[in-house]
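Written out below as structure tokens is the structure these notes cover.
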Amino acid sequence: MLVRKAAIAAFGLGLAWSTGAFAQETVKIGVILPYSGPFADAGAQLDAGIKLYMQQHGDEVAGKKIEIVRKDTGGPAPDVAKRLAQELVVRDNVDILAGFALTPEALGAADVATEAKKLMVVMNAATSVVTEKSPYIVRTSVTTPQVNDALGKWAAEHGIKQAYTLVADYGPGHDAAKAFETAFTAAGGKIVGSDRTPVANPDFSAFVQRVKDANPEAVYIFVPGGAQPAAIGKALSERGLTPPNTKVLGQGELTHPEALESMGETANGIITGFHYTLERDDPLNNEYVKAYRDANKGRSPDLFSIGGYDGMHLIYEALKKTNGDTEGEALVEAAKGMSWTSPRGPMSIDPETRDVVQTIYIREVQKVGDKLQNVIVEEIKDVKDPLHGAAK
């Protein structure tokens, strides 16, 4: 196997790796995720999507064995993600970097992918700029603006004239508000107020009171998953800001199944936009949901799971196209323009931006039988990220 010695300033040490990788019988994929810490559940769900894909499709591609090398950031920790990416390349000799549940960690590892010329598959981190930070990054998840641009336009086109935005005060929340507000106003809507809530342990009462005082027709909300959707739902309900009197809009995390259970009847009528809908009645999705639940003690898949699952699909198909060649540029070229049908629906990789193109589902929480669930009311097809290149 041909090898060359490379000194990379960003690494601060000598580095040797293969220029061709054809002689390797194993393809190593270094997966960087927060397996511990505050985002451990997100890491576990994403990893479960990776495992399910490999369970269904085997651990051999193009005659080579697939090996996963897992690293825990305990994050969000961009510096740790960078160090782990370096270790994976230098010590573990991985061929591909993958995972990245969190934007700061994807950004932390981007330079490593560039210097080492390794395909880096981002399976969740949703800030638009991620794919612009390295020519070796391909994303299989979603972007926050992709969802909220579509939702904002849809809301204005479906008769909502004014809205108040209330979002978590961090990068994804800022992206979400900007995308919603831009699309909503461009389509004729008016923003009558905006506010930002603390990311950690917020008390929503004062913020929701300001929304009530503004008396908007609708309120758009973006908060992290976990306990916050139920907490803000409760605060809205206590002040009478619930459908149908006040329309409540948000990104899909707001009405995750766990959040719906906590919110109860107050969730009825909430409208969200998302790229994956658990209840979408499609044979491929139904099969995926059943297989995921069977493999995970009844737990349902979520946005993290589907990002990991489709990320592995991209890796497998790219390796098939290159006949097992793991050289970074070859794999990136193989990924560009790739299209397939996922459990989430049709999706593809934009050849210009290396970002995901997919259907955004507008869902309304409705009573189905004796249970509240997200029901798709419209499908917006072939949506690209609005900020770096695609739809305007």
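The values are calculated or read from the model by the stated rules, or taken from the named source; none is laboratory data. Remember, it's a predicted structure, so these values are computed and weren't measured experimentally. Cβ sites come from the backbone with ideal geometry, for glycine too, and all protein chains shown count toward neighbours.
Within segment 135-160, the set of residues being over 22 Å from Gly252 (Cβ atoms) and either within 15 Å of the chain's Cα centre (by Cα) or buried (at least 24 other Cβ atoms within 10 Å of the Cβ) (or both) comprises Tyr136, Ile137, Val138. Pairs linking a residue in segment 91-117 that is farther than 27 Å from Asp175 by Cβ to a residue that is part of a strand (DSSP E or B) and of a type in the set (Asp, Glu), with Cβ atoms under 9 Å and 6 or more positions apart or on different chains, are Val94/Glu67. For segment 73-86, the condition of being over 19 Å from the mean Cα position of the chain (by Cα), more than 23 Å from Pro38 (Cα to Cα) and not in a loop (DSSP other than H, G, I, E, B) holds for at least one residue. One residue stands out in segment 225-283 among those that are of a type in the set (Val, Ile, Thr) and assigned to a helix (DSSP H, G or I): the one that is farthest from Asp310 (Cα to Cα), namely Thr266. Only residues that are among the small types (Gly, Ala, Ser), assigned to a strand (DSSP E or B) and within 21 Å of the chain's Cα centre (by Cα) were counted across segment 161-172, and they come to 1.
Exactly one residue among Gly337, Gly311 is outside any helix (DSSP H, G or I), more than 30 Å from Leu372 (Cα to Cα) and within 21 Å of the chain's Cα centre (by Cα), and that residue is Gly337.
Mind checking which residues of segment 220-229 are modelled with pLDDT of 85 or more and either surrounded by fewer than 24 Cβ atoms within 10 Å (Cβ to Cβ) or of a type in the set (Gly, Ala, Ser) (or both)? Outline the logic, then answer.
Just the residues of segment 220-229 that are modelled with pLDDT of 85 or more, to begin with: 220-223, 228-229.
Hit for segment 220-229 is Gln228, nothing else.
I need a count of the residues in segment 27-72 that are assigned to a helix (DSSP H, G or I) and out of contact with any helix residue (DSSP H, G or I) (no Cβ under 9 Å at 6 or more places or on another chain).
Here is the first cut: in segment 27-72, the residues assigned to a helix (DSSP H, G or I) are 40-57.
Then drop every residue that is not out of contact with any helix residue (DSSP H, G or I) (no Cβ under 9 Å at 6 or more places or on another chain), which leaves 40.
Total meeting the criteria: 1.
Determine which member of the set Lys297, Lys384, Lys371 is in contact (Cβ under 8 Å) with a residue 40 or more places away in the chain and either surrounded by fewer than 17 Cβ atoms within 10 Å (Cβ to Cβ) or touching a strand residue (DSSP E or B) at 6+ places or on another chain (Cβ under 6 Å) (or both). Give the derivation first.
On the way: Lys297 fails: in contact (Cβ under 8 Å) with a residue 40 or more places away in the chain; Lys371 fails: in contact (Cβ under 8 Å) with a residue 40 or more places away in the chain.
Only one candidate qualifies: Lys384.
When Lys321 is tested against (1) surrounded by 18 or more Cβ atoms within 10 Å (Cβ to Cβ); (2) over 26 Å from Thr144 (Cβ atoms); (3) of a type in the set (Lys, Arg), only condition (1) is not met.
When Thr103, Thr140, Thr114 are checked against the criterion of being polar (S, T, N, Q) and at pLDDT below 95, a single residue qualifies: Thr103.
Of everything in segment 340-376 that is within 22 Å of Lys133 (Cα to Cα) and not in a loop (DSSP other than H, G, I, E, B), the residue that is nearest to the chain's Cα centre (by Cα) is Val356. Thr322 meets each of the listed conditions (1) under 30 Å from Lys117 (Cα atoms); (2) within 20 Å of the chain's Cα centre (by Cα) apart from (2). Answer yes if at least one residue in segment 261-278 is closer than 21 Å to Met123 by Cα, crowded, with 24+ Cβ neighbours inside 10 Å, in contact with a helix residue (DSSP H, G or I) (Cβ under 6 Å, 6 or more places away or on another chain) and not small (Gly, Ala, Ser), and no otherwise. The answer is yes; a qualifying residue exists.
Inside segment 88-117, residues that are under 24 Å from the mean Cα position of the chain (by Cα) and either among the small types (Gly, Ala, Ser) or not assigned by TED's automatic domain parsing to the domain that holds Ala40 (or both) make up a count of 8.
Just checking, does segment 195-212 include any residue being of a type outside the set (A, V, I, L, M) and touching a residue at least 60 places away in the same chain (Cβ under 8 Å)? Scanning segment 195-212, I find no residue that is of a type outside the set (A, V, I, L, M) and touching a residue at least 60 places away in the same chain (Cβ under 8 Å), so the answer is no. The set of residues in segment 325-345 being touching a residue at least 60 places away in the same chain (Cβ under 8 Å), closer than 24 Å to Gln56 by Cβ and among the small types (Gly, Ala, Ser) consists of Ala335, Gly345.
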